[in-house]
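This report refers to the structure that appears directly beneath it.
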Amino acid sequence: MWILKFVLIVVFFLVFFQDYKDRKVYWFLYPIIGAMVFVLQIQSVSIYPAFINTSFNLVFISLLLFVSYLYAKYKLQQPLLKEVFGLGDLLFFVSIAFSFSIVSFLILFVFSLVFSLLLHFTIRYKQTEKTVPLAGYMSLFFATVYGISFFWESNFLYAY
């Protein structure tokens with residue numbers, strides 16, 4: 001299990017470096033993340049709770065994207081996936097939805113967004129760049145979460 005976590009952390013760092021440097025991430029990294037975090041979840045809980053957790057997490061992501069779509073369309077008057085939100089960000093949201101129990105996912109997802117905001121304002125990415133490398137920042141956050149989980153063998157990420 002630790003080898004899988006280590007490889008997952010490496011993939012998270014690949015997403016971070018690619019998104020931060022080039023603003024382009026290889027698409028196949030997202031299904032790899034989704035598969036690895038789902039396998040880790042199945043190893044901690046059985047397959048049925050893992051499917052329930054993933055289903056609720058995907059519903060949450062769908063609601064979040066629907067509200068973002070409405071905000072982009074009516075308030076910003078821009079298309080969601082072209083100007084407001086990147087396709088890589090969407091793929092990262094979906095892939096990370098396979099990761100944790102419902103409560104843990106909601107808490108970690110919100111904190112990853114706050115972390116991304118604070119990190120972006122701290123680093124000031126590129127002054128000329130208008131967009132935020134959200135998938136990269138969030139992958140850095142989740143790499144840290146999985147890195148911390150190396151030190152605990154309990155199922156604290158999957159318990160609730």
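I need every pair where a residue in the stretch 1-12 that is open to solvent by 70 Å² or more (accessible area, probe 1.4 Å) has its Cβ under 6 Å from the Cβ of a residue that is of a type outside the set (Lys, Arg), sequence separation at least 6 or different chains.
If the second residue must be of a type outside the set (Lys, Arg), the pairs left are Met1/Gln43.
Does any residue of the stretch 36-43 turn out to be farther than 13 Å from Phe142 by Cβ, in contact (Cβ under 8 Å) with a residue 12 or more places away in the chain and of a type outside the set (S, T, N, Q)?
yes
Examine the stretch 46-53 for a residue that is within 13 Å of the chain's Cα centre (by Cα) and either closer than 22 Å to Thr131 by Cα or among the β-branched types (Val, Ile, Thr) (or both), and state whether such a residue exists.
Filtering the stretch 46-53 for residues within 13 Å of the chain's Cα centre (by Cα) gives none.
The answer is no, given that none of the residues of the stretch 46-53 is within 13 Å of the chain's Cα centre (by Cα) and either closer than 22 Å to Thr131 by Cα or among the β-branched types (Val, Ile, Thr) (or both).
Quick check on Val25: is it outside any helix (DSSP H, G or I) and not basic (Lys, Arg)?
Working: outside any helix (DSSP H, G or I): yes; not basic (Lys, Arg): yes.
Spelling it out, Val25 is indeed outside any helix (DSSP H, G or I) and not basic (Lys, Arg).
Specify the residue that is modelled with the lowest pLDDT; the eligible residues are those in the stretch 23-33 that are more than 13 Å from the chain's Cα centre (by Cα) and surrounded by fewer than 19 Cβ atoms within 10 Å (Cβ to Cβ). Break it down into steps so the answer makes sense when it comes.
Of the stretch 23-33, the ones more than 13 Å from the chain's Cα centre (by Cα) are 23-28.
Retained after the next criterion (residues that are surrounded by fewer than 19 Cβ atoms within 10 Å (Cβ to Cβ)): 23-24, 26-28.
Working: Arg23: 83, Lys24: 87, Tyr26: 92, Trp27: 92, Phe28: 94.
Checking each candidate, the answer is Arg23.
Quick one: which residue in Phe13, Phe6 is under 16 Å from the mean Cα position of the chain (by Cα), of a type in the set (A, V, I, L, M, F, W, C) and farther than 19 Å from Phe109 by Cβ?
On the way: Phe6 fails: under 16 Å from the mean Cα position of the chain (by Cα).
That would be Phe13, the only listed residue that is under 16 Å from the mean Cα position of the chain (by Cα), of a type in the set (A, V, I, L, M, F, W, C) and farther than 19 Å from Phe109 by Cβ.
The values are calculated or read from the model by the stated rules, or taken from the named source; none is laboratory data. As the structure is a prediction and not an experimental result, all values here were calculated from the model. All Cβ positions, glycine included, derive from the backbone under ideal geometry; neighbour counts span all protein chains shown. Just so you know, the surface numbers come from the protein's heavy atoms only, side chains and all, with ligands and any DNA or RNA stripped out. Shrake-Rupley method; radii C 1.70, N 1.55, O 1.52, S 1.80 Å.
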